[in-house]
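Any read-out appearing in this document is the output of simple, stated calculations on the displayed coordinates, not a laboratory observation. Being a predicted model, the structure only gives us computed values, none of them experimental. So basically every Cβ, Gly included, is an ideal-geometry build from the backbone, and we count neighbours across all protein chains shown.
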Amino acid sequence: MGVDIFSELLETLKDLISSQHFDKKLQIIVEKSAKLSGCSRVCFIILNKRKELIIRAGYPEGSHGIGKKIIPEHGEDFLMKVIKDAIPVIITDPKTDPRTSYMKDLANTYDISAIMFYPISYKGESFGILIFDAIADQKFTKEGMKIIDIIADIMTRVLVSEYERKKNEEKKLNIYKLY
């Protein structure tokens, strides 16, 4: 793979700790995820409080439609099923697989050979999904899968930390409203 995984993970953690902005943390994760996994494209879609899927971060930047809401015509039902089932799904031929028919043009444009949909959840609560695109003849190897598991764990911890921080802020605001 050519990447010193330990050094890259350590660098990723340092970058995450030093970043104060949630969206910047998400961008760091998708960029490092691409580098560590060997995938050419990575994006993160978050499940918001209204149970909508929103693209929040992507690598390479500018090619994922950040802020775009996922609708049924763009795979919402399939992605919701992956999140609900909480089991990673690998599609080895997204150009012909009916589950990814909504992205056939994208798969052809970027020559996507395989896609992994990795749901992110914690204690039964779903937060979203990381999507890894393998290009041309790239495949998901056992080593790559282990790295993706680590990346997903880091993503989960970042999301849970942000969720807890916001929950605590809301509690404080509610206490202040009482006075």
Fill in the blank from the handout: Residues other than CYS39 with Cβ under 12 Å of its Cβ, Lys/Arg counted +1 and Asp/Glu -1, net out at +2
Exercise for the section: Using θ = phi - 60° and the Karplus relation 6.51 cos²θ - 1.76 cosθ + 1.60, list the HN-Hα couplings for region 51-68 in order, rounded to whole Hz, with x at every Gly or Pro. Expected result: 6, 9, 9, 10, 6, 10, 7, x, 10, x, 4, x, 10, 10, x, 3, x, 6
Exercise for the section: Working from Cα positions, state the angle (0 to 90°, nearest 10) between the long axis of helix 5-18 and the longest principal axis of the chain. Expected result: 30 degrees
Handout entry: Relative contact order of the chain, defined on C-alpha pairs under 8 angstrom at six or more residues apart (%)
Key = 19 percent
Practice task
Between beta-carbons, use under 15 Å as the cut-off and find the net charge around GLY58, counting Lys and Arg +1, Asp and Glu -1.
Solution key: +4
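With charges only on Cβ, +1 for K and R and -1 for D and E, what is the dipole size of the chain about its Cα centre, in debye, rounded to 20?
840 debye
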Exercise for the section: Could you check how many percent of all C-alpha pairs in region 17-61 are farther apart than 13 Å? Expected result: 55 percent
Problem - Cα centroid of region 126-159 to Cα centroid of region 62-96, whole Å - result: 14 Å
Completion exercise
Among LYS84, LYS139, LYS166, the residue with the largest mean-square fluctuation in a Gaussian network model of the chain built from Cα contacts under 10 Å is LYS166
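Can you give the helix-only mean residue ellipticity at 222 nm for the chain, where every DSSP H stretch with n ≥ 4 adds -39500 (n - 2.57) and the sum goes over all residues, rounded to the nearest 500 deg cm²/dmol? Show your work: numbers first, answer last.
Details: 5 runs with 84 residues, N = 179.
Using -39500 (n - 2.57) per qualifying helix, the result is -15500 deg cm²/dmol.
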Exercise for the section: Using the Karplus curve 6.51 cos²θ - 1.76 cosθ + 1.60 with θ = phi - 60°, work out ³J(HN,Hα) for each residue of region 92-98 in order, rounded to whole Hz, and write x for Gly and Pro. Expected result: 8, 9, x, 6, 10, 5, x
Exercise for the section: Pull up all non-local amide H partners of SER40: gap of 5 or more, or a different chain, and H-to-H distance under 5 Å with H placed in the peptide plane. Expected result: ASP133, ILE135
Handout entry: Estimated vicinal HN-Hα couplings, Hz - region 23-29 in sequence order (Karplus 6.51, -1.76, 1.60; Gly, Pro = x)
Key = 5, 5, 4, 4, 5, 4, 5
Handout entry: Stokes-Einstein translational diffusion, region 56-118 - Kirkwood Rh over all Cα pairs, 0.890 mPa s, 25 °C, in µm²/s
Key = 197 µm²/s
Handout entry: Rounded if a/c under 1.5, otherwise prolate or oblate - region 1-149, Cα gyration tensor axes
Key = oblate
Practice task
Note down the relative contact order for region 38-99 as a percent, whole number, built from C-alpha pairs under 8 angstrom at least six residues apart.
Solution key: 21 percent
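Quick one: net charge of LYS104's neighbours, Cβ under 10 Å, K/R +1, D/E -1? Working shown, then result.
Numbers: positive: LYS95; negative: ASP97, ASP105.
Overall, the nearby charge balance is -1.
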Exercise for the section: Kindly identify region 72-151 as rounded, prolate or oblate by the Cα gyration tensor criterion: order the square roots of the eigenvalues as a ≥ b ≥ c, call it rounded if a/c is under 1.5, otherwise compare a/b with b/c, prolate if a/b is larger, else oblate. Expected result: oblate
